[in-house]
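Each remark here refers to the structure printed beneath this line.
The values are calculated or read from the model by the stated rules, or taken from the named source; none is laboratory data. From a predicted model like this one, the values you see are computed outputs, not experimental measurements. Cβ: placed from backbone, ideal geometry, glycine included. Neighbour counts: every protein chain shown. Each accessible area value is taken on the protein alone, full model and side chains, heavy atoms only, with ligands, DNA and RNA left out. Shrake-Rupley method; radii C 1.70, N 1.55, O 1.52, S 1.80 Å.
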Amino acid sequence: MPSRTIRHFEYDRDLRTLTITFVTGRRYRYYKVDPEIAEAFRIAASKGSYFNLRIRDQYRFEELAA
């Protein structure tokens, strides 16, 4: 089921970074994300809810240029 808040995401296992593009077009990169968190995010029924509970405010991040 498509997310109403998250358009796309990509996880780099080697760098442990999770890059998320929101439907607004804003992109953020989260650092030191464990593979288990990224996998749980990938299979979550509600990506937005999982993001708010387990990723948002839990990891250092930066906003990327559009």
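Points worth noting:
- Note on Glu36 and Asp57: the extension gain reaches 5.8 nm, defined as 0.36 nm multiplied by sequence separation minus the Cα-Cα distance.
- Counting heavy atoms of the protein chains alone, Asp34 has an accessible area of about 60 Å² for a 1.4 Å probe.
- Estimated FRET transfer efficiency when R0 is 30 angstrom, pair Leu15-Ser46 (beta carbons, to 0.05): 0.70
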